[in-house]
1. Ignoring ligands, DNA and RNA, what accessible area per residue does segment 1-99 give at 1.4 Å, in Å²?
2. With a 1.4 Å probe and all protein chains left in place, how much of the accessible area of the chain comes from carbon and sulfur atoms, in whole percent?
3. Quick one: Debye curve from the alpha-carbon atoms of segment 23-96 only, equal weights, vacuum; give me log10 I(q)/I(0) at q = 0.20 Å⁻¹ to two decimals.
4. Rolling a 1.4 angstrom probe over the protein chains, ignoring ligands and nucleic acids, what is the accessible area of L50 in square angstrom, nearest 10?
5. Please give the solvent-accessible surface of S12 in Å², to the nearest 10, using a probe radius of 1.4 Å with every protein chain present.
6. Over 30 Å between C-alpha atoms is what I'm after, so list which of K184/K214; K123/K214; K90/K123; K44/K184 land there.
7. Mind jotting down the distance between the C-alpha centroids of segment 21-99 and segment 135-188, whole Å?
8. Determine the relative contact order of segment 92-236: mean sequence separation of Cα pairs under 8 Å and six or more apart, normalised by residue count, in whole percent.
Amino acid sequence: MLFRQLFDCESSTYTYLLADERTREALLIDPVREQAERDLGLLKELGLTLTYVLDTHVHADHVTGAGLLRQRTGARVVASPKGAPCVDLKVRHGDVLQLGEVKVEVLETPGHTDDSLSYRVGKRVFTGDALLVRSAGRTDFQNGDAGQLYDSITGVLFALPEDTEVYPAHDYKGHTVSSIAEEKRHNARAANRSREAFVQLMGSLGLPPPKKLKEAVPANLACGLLPPTQTPSAQP
Ligand SMILES: [Fe+2]
């Protein structure tokens with residue numbers, strides 16, 4: 001399998017490119033709209049056809065490239081039924097996407113948002129904002145729920161084999177990858193903490209709202225393509 005980790009400096013977002021080397025079918029996880037030309041250029045250089053675009057959730061800190069990439073390539077947009085209505089393929093826990101030999105298993109990991117999914121591909125898991133390297137996504141907007149996030153991290157993600165590599169949607173400190181074993185031991189928010197203590201911690205973070213919250217969420221509900229502007233009514 002071909003695998004690339006790409007980065008958007010402005011939003012500190014990781015985008016992942018996975019492809020079957022034989023069939024040349026590819027998928028992107030969490031593309032950023034401003035990086036669409038980079039992603040399309042890389043697909044072209046590598047001789048890949050974009051089949052799927054997977055979003056882990058409706059993001060609040062950047063605008064997804066999903067809709068733009070769909071327009072340009074005909075790829076199908078994949079995400080949770082609880083998120084954006086513009087999605088082509090709404091997937092649930094246990095669903096499997098097949099891309100040549102590449103098998104993508106859907107894991108529901110809500111709590112950061114109610115629509116958060118993780119995608120497991122062999123020994124890698126793409127965790128969105130549910131599980132970050134040594135951290136976990138905030139739970140104070142978009143129907144976030146700290147108790148639910150604790151259950152997703154400890155019950156779903158920490159139940160994966162310990163050597164599973166963890167690839168998050170963001171990193172702000174220069175990390176690129178971790179493992180389930182490392183996060184079980186060293187995750188600053190979830191490791192060795194009770195559900196009650198985790199809920200208390202997440203409720204006391206006091207973080208400012210993300211800079212792009214007001215712009216990003218409505219745009220992402222339309223897969224990153226802003227809804228058509230309302231035609232003014234003919235009222236005098
Ligand atoms: Fe997020």
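The values are calculated or read from the model by the stated rules, or taken from the named source; none is laboratory data. All of these numbers come straight from a predicted model, not from anything done at the bench. Note that we place each Cβ from the backbone using ideal geometry, even for glycine, and neighbour counts take in every protein chain shown. Keep in mind that these areas ignore ligands, DNA and RNA; they rest on the heavy atoms of the full protein, side chains included. Shrake-Rupley method; radii C 1.70, N 1.55, O 1.52, S 1.80 Å.
1. On the way: 4080 Å² over 99 residues.
It amounts to 41 Å² per residue over segment 1-99.
2. Values: 5480 of 10950 Å².
Whole-percent figure for carbon plus sulfur exposure: 50.
3. Debye intensities relative to I(0), on a log10 scale: -0.81.
4. 10
5. Approximately 20 Å² of S12 is accessible to the 1.4 Å probe.
6. Working: K184/K214 34 Å; K123/K214 36 Å; K90/K123 24 Å; K44/K184 39 Å.
Pairs exceeding the cut-off: K184/K214; K123/K214; K44/K184.
7. A separation of 22 Å, based on Cα centres.
8. Details: 233 pairs, mean separation 26.3, N = 145.
Relative contact order, segment 92-236: 18 percent.
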